[in-house]
C-alpha cells in the first residue's frame, strides 16, 4: 500500500480550479471528461505517474461504478496521467487537457 500525504487545502483548491475552468459540474459529459484528465494530470505531475495511476484506478474500482462510466473515467484518467507525466505548470496541464477534449481524445458517453 502506498501512503501519500495529500494536503486537503490543496485538494480543495485544485477542485475549485477545475470547477472554474469548466463552469459546470456534469456527469459523463465534457466537463466530467476534462475534470478527470486535469485531476489525473496534476496528480501525475505532483505524485509521479505510477502513484497517480494507482490512486486513480483505486478511485474507480467500486463495484457500484457503472461499466461505461468506469471505462470513460479510466480512459480520461489515462490521458491525464500521460499529460501530467511530461510535467508543466497548472495552466499548461489544463491547456493540454482542453486540447485533448477539443481534439476528441477524451471519452464522453452522454
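From least to most packed, judged by other beta carbons within 10 angstrom and beginning with the fewest, 86, 35 follow the order 86, 35.
Counting every other Cβ atom within 10 Å of each residue's Cβ, 101, 47 order from fewest to most as 47, 101. Residues 38, 67, 55, arranged from fewest to most other Cβ atoms within 10 angstrom of their Cβ, appear as 67, 55, 38.
Read the figures in this text as sums done on the coordinates, not as results from a lab. It should be emphasised that the depicted structure is a prediction, and the values quoted were computed from it without experimental measurement. Note that each Cβ is placed from the backbone with ideal geometry, even for glycine, and that neighbours are counted across all protein chains shown.
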